[in-house]
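To start, the structure itself, in structure tokens.
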Amino acid sequence: MVAGSGHSVLIVEDEALLALMLEDLLSDIGHHVMHADTLPDALELVEREHFDAAILDIDIRGRDVFPVATRLRELHTPFVFVSARHADRLTPEFSQEELLAKPYTVAQVQQSLDRMFAS
């Protein structure tokens with residue numbers, strides 16, 4: 001990932017420490033980061049802001065993040081799913097999307113974002 005490239009990234013994550021870590025990492029290298037920890041907040045951000053990429057936890061407070069993924073797909077915004085234990089909840093519609101297993105590494109996140117930004 002190129003420092004200072006200034007991409008806009010949406011993080012949908014309800015685990016505060018993980019969200020903070022991702023926000024700090026991405027902000028430190030020059031990206032504009034917005035975070036949502038509920039589905040309504042995430043959907044509102046997607047409608048209000050433009051994002052170059054998104055990192056979506058599959059389970060947000062016991063609800064699937066798929067409505068957000070569907071809207072991002074409609075807007076042609078690339079995204080990656082993250083999950084500690086919910087890979088089996090990927091619907092056929094999303095079975096070909098990238099999934100990072102928690103705990104993931106900084107390098108894995110960077111590689112995923114690099115692929116998304118290149119597309």
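The values are calculated or read from the model by the stated rules, or taken from the named source; none is laboratory data. This is a predicted model, so every value here is computed, not measured. Virtual Cβ from ideal backbone geometry, glycine too; neighbours counted across all protein chains shown.
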Write out, first by first residue and then by second, each pair whose Cβ atoms fall under 9 Å of each other, whose residues are 6+ apart or on separate chains, and whose first residue, in segment 66-89, is in contact (Cβ under 8 Å) with a residue 60 or more places away in the chain and under 18 Å from L22 (Cβ atoms) while the second is assigned to a loop (DSSP other than H, G, I, E, B) and of a type in the set (V, I, T).
V82/I58
Out of the residues in segment 102-118 that are within 14 Å of the chain's Cα centre (by Cα) and of a type in the set (S, T, Y), state the one that is farthest from L18 (Cα to Cα).
S112
Tell me which of these R61 doesn't satisfy, since it passes every other one: (1) in contact (Cβ under 8 Å) with a residue 24 or more places away in the chain; (2) within 13 Å of the chain's Cα centre (by Cα).
(2)
Could you tell me how many of the residues in segment 25-63 are under 20 Å from R115 (Cα atoms) and in a helix (DSSP H, G or I)?
4
How many residues does segment 72-113 hold that are over 22 Å from L45 (Cα atoms) and assigned to a helix (DSSP H, G or I)?
10
Tell me, which residue of segment 65-101 that is of a type in the set (K, R) and surrounded by 14 or more Cβ atoms within 10 Å (Cβ to Cβ) is farthest from the chain's Cα centre (by Cα)?
R89
Restricting to segment 102-119, name every residue that is surrounded by fewer than 17 Cβ atoms within 10 Å (Cβ to Cβ) and either at pLDDT 90 or above or out of contact with any Pro (no Cβ under 6 Å at 6 or more places or on another chain) (or both).
K102, P103, T105, V106, A107, Q108, Q110, Q111, D114, R115, F117, A118
Is segment 26-39 home to any residue that is within 19 Å of K102 (Cα to Cα), without any contact (Cβ under 8 Å) to a residue 40 or more places away in the chain, of a type in the set (D, E, K, R) and touching a His at 6+ places or on another chain (Cβ under 7 Å)?
no
Does segment 30-50 contain at least one residue that is under 22 Å from V106 (Cβ atoms), surrounded by fewer than 20 Cβ atoms within 10 Å (Cβ to Cβ) and among the hydrophobic types (A, V, I, L, M, F, W, C)?
yes
